[in-house]
Every structure is written in C-alpha cells, then in structure tokens.
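Each value in this text was obtained by applying a stated rule to the coordinates, not by laboratory testing. This one's a predicted model, so the numbers in the text were calculated from it and none came from an experiment. A quick note on method: Cβ atoms are made from the backbone with ideal geometry, for glycine too, and the neighbour counts reach across all protein chains shown.
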Amino acid sequence: MANDVDFLVIGAGACGLSAAIAAADAGLSTAIVEKTERPGGNSALSTGSVPAAGTRFQKEAGIDDDAATYYRDLMRIAGETDDPALVRRMTEVSAETVEWLVDAVQARIELVTAYKHIGHSVPRLHAPKSRRGADLVDDLLRAAEERGIPLAVGNRVKHLIVEDGAVKGAVVDTGDGQDVEIRAAATLLALNGFGANRSLVARFCPEIAGAQYFGAQGSDGEAVEWGEMLGARLDNMAAYQGYAAVADPHGSILSWTTIEKGGVLLGENGERFGDESLGYSGFAKHVLAQGQHAYAIFDQRIFDIAMQEEEFAELHAHGGLKTGASVAEAAAAQGLNDEAAQAAVDAYNDAARAGGPDAFGRQDFGLAPLQGPFYSCRVVPALFHTQGGLHVTADARVLKEDGTAVPGLFAGGGAAAGISGRAGATGYASGNGLLTAIALGRLAALAAADDLGAAAT
C-alpha cells in the first residue's frame, strides 16, 4: 500500500516542528498531527532556553566551552543514568543544533550571559530575548509554514499502524467522528511526556505525584503505552523536571533568578527548610514536603535583574509580589510570622557574610546578604514534565528491550528518554528538555532521509 507521506510527525511541539522542518529541507514529504487545538506543548510553556557548548555565539562572547565540558557538567548533576551515550550525543550535537535554529529556522534566539542556571559551569543557554518558549515555537511554526508543511491540530492519534512488527503510520481521529489512516515510511513520536497521566506518574515518579501538574495539556503518556505494547525499552522513568516556585494564584513561574541571585524560600511557618541552590527542579520535592505553600524573599537588586524577563514583569504588574522595607514587613504582607521570617533571613545573611555554608549547606549566596527593600511571593511546587521515555539510538530510532530497532519508528521530545539522570529532579539542568527535543527531532528527520535515500541538506 502506498504511503501518504514519507515522514509522519505526531506532536507539534519544538521536537515535532524541528523534525518536520529538517525533513522538508532534506527532501521528504512530511505532515504533522497534533491532538490539542494549539501547537507548542511544553516547549511553549518553557523559557525557550536551548543549551549548547562551543557555539559561535559563545566564541563571540569570549566564552570557552566545548562538548566534553558540557558532558562533564551534565554527568555531575545527573549522576546515574540509564543511557550515558545519549547524554554524550546530545552535548556533541548541541552547538550544531542551536546554529541550525538560527541559520535554517531563523529563530530569534541569543546567548544568555546574565545567568547560567543550575547545571552549567559557563553561560551556554540560548533563548529568545523575551525568555518565552512561545516565541521560539512561533519561529518554528513560521518556518514550517514557509515550507508548506501540513499541520493538523485537533487530530488525536488513536494508535499506530503496525504490520509485521514495523510501524507504518497512524490512525488519526480527526475530531469529526471519522478515523483516518495516515501511512508513512517513517513515524516520529514527538509527543509530550506523561505528566498529566496521574496513574503513570504514581507508577514511575511517586515522590512528586502529590504536586500540581503545570505542564502542557496532552501530556498523557501515549508514547509510553504504545512503546510498551511494541516491546520498547524505557529509560530514566523516575526522572522528572519539577519547579519549586510557581506563583500562586497567578499560575506563572516565579523566575528562579530571584533565588539563584540570592533569594530564599520560607515555609508556612516563616522558616527556611532547605538548600535552595539545589535548583528549581531539584528543590520542588522539598517545597512539596513542607506544606501547601512556600514564600520567596528577595531584595531590590535581585528584583531589578529579574525585571528584565517579561514573564516576571507581568507577574509584578498583576500584583503577584508584596513589598516591605524589612523582611518582617514583606513576610507579614503574606500572612507569615514576621519574627520567624526576619530571624531566618538574618541567619542566612550572617552565613553569606561569613562565606558559608549555612545551616542547610547552601554555599552559593549570589548577591546576598540581602538588603532592603524586600519583595515576597507566594508559590507552590509543580511537576512540569517527565524526563523518562523510550530508549533511542544516536539518531532517535526506538529500540526494543532486546536491542533491536522498531522498524519505522523514531522518538524525541517528551516521548524519548531524557538526559536528566535515572531518578528524581536533581539531575535536571536548565534546558535539558528543549535540547533533546530539538536535537532528536532533527536527527530523526536526517536519519529518515538517509533511510529513504533523500539528499539531506
């Protein structure tokens, strides 16, 4: 039976869009189906930060970096992982991935030098000026449209077409009561992870199962379920990206710059409860364990830096922050025990002056000791997206438990295993999700083009 397209992409986040663009440029006919009514997925909810080592943008900024250094950084923070080869592969292709985004996609991203964020020893995040993933997704959508790539939203894939063990496309519910077969020589699973599937989260990531899910709609774990039916190997299934500070009730993230630059998190009793330098992902489970809410405290200098980020500025404009001349005043504005809050920050400031570590082991104090005036923000912990998924080769082919490939099937984005360690959230380095999404999507397209004899460009 004839194929409808060479390359079928399931999912219209950064992975799927990147893959479709690379496939089209390699001479393949391609199409994208997306089950929700809006493309973007978790990529659109992110800061749009793509880490890369050894890019020309780093060289222009005088930053010395390479794939080997990046690999060491990731392995140091991730610890044990089911697939160290994937970590190495992602660092090796990171520079070409970012430069491809700029040169081929014409994405409006720039090297971020104001901060490094957790997991990176040098500045290597490349992001939109706005620090909004939606802007990166918009650039990918524009590039896909310029290439005439069909994108059908509101089209849910019901199941894959499998014949003699090979994937031959998918059966799609178009939303009008009709099921349509789309047959393809190669199929890419570019779906989100399984963060919205409570049973899968409880099964694989029980430590964060009690947190609210703040990721994209549609993260239902179909790739895991389809993969298990095909006998695919699953890797790093207990790993996830958390976020320790989603502003409540506003629902937008509180920029972690507020904490990384020297701010702290207080519990509902007004006291600190851990080492915030674990990072926004690793610290999420500690926020979950201490109570329903936590409260960020930071000063004017940190506020001024964070105001360079659009989402933070919007949070402030919408009344998401309380202020006070002292820590006690900023804490009392949130209904906290002002004496306990003042004492907690005083002890933290004393440790910062002395050079640390403090009582919780924090040694990176940023701009601390903190100075008035002060700002406070009520936050909740969140699960953003899962980091486990299908085991893939260096070019994103899905492998079975016995080490053989599932013919015709590729995976990337939330569908594939990530590079954030085997379990928990402390292995997540900023940008891990977007790097693997875009890199694996592009690599899958190039591999499919090679399989089909198309001339990749």
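Listing VAL33, VAL392 from fewest to most neighbouring C-beta atoms within 10 Å gives VAL33, VAL392. Annotation for segment 125-165: GluC sites (Glu not before Pro) lying in DSSP loop with at most 11 further Cβ atoms inside 10 Å of their Cβ do not exist.
Debye-formula intensities of segment 151-272, expressed as log10 I(q)/I(0) at q = 0.12 Å⁻¹, are -0.64 (one equal scatterer per alpha-carbon, no solvent).
Using Cα pairs closer than 8 Å and at least 6 residues apart in sequence, work out the relative contact order for segment 1-116, in percent. Display every interim value, and only then the final one.
Numbers: 102 pairs, mean separation 24.6, N = 116.
It rounds to 21 percent for segment 1-116.
Residue-wise HN-Hα couplings along segment 5-22, as the Karplus relation 6.51 cos²θ - 1.76 cosθ + 1.60 with θ = phi - 60° gives them from phi, are 9, 6, 9, 9, 10, 9, x, 10, x, 4, 5, x, 5, 4, 4, 5, 5, 5 Hz; Gly and Pro carry x.
Between the amide H of GLY13 and those of GLY40, distances stay under 5 Å, these residues lying 5 or more places away or on another chain, with hydrogens modeled in the peptide plane. What number, in nm² with one decimal, is the all-direction average of the projected area of the convex hull of the alpha-carbon atoms of segment 388-433? Dividing the Cα hull surface by four gives the mean projection, 3.5 nm². Under a 5 Å amide H cut-off, with hydrogens placed 1.01 Å from N, GLY169 pairs with ILE161, ALA184 among residues at least 5 apart or on other chains. Do any chymotrypsin sites (Phe, Trp or Tyr not before Pro) in segment 64-113 lie in a DSSP loop with no more than 10 other beta carbon atoms within 10 Å, and if so, which? Passing sites in segment 64-113 do not exist. With q set to 0.12, 0.21, 0.22 Å⁻¹, the log10 of I(q)/I(0) for segment 1-108, from the Debye formula over equal scatterers at the Cα positions, is -0.55, -1.21, -1.23. Qualifying GluC sites (Glu not before Pro) in segment 213-290, where qualification requires a DSSP coil assignment and no more than 15 other C-beta atoms within 10 Å, comprise GLU271.
With the convex hull constructed from alpha-carbon coordinates only, segment 241-383 shows a mean projected area of 7.1 nm² over all directions.
When you work out D = kT/(6 pi eta Rh) for the chain at 37 °C and 0.692 mPa s, using the Kirkwood radius from C-alpha pairs as Rh and the Stokes-Einstein form, the result is 147 µm²/s.
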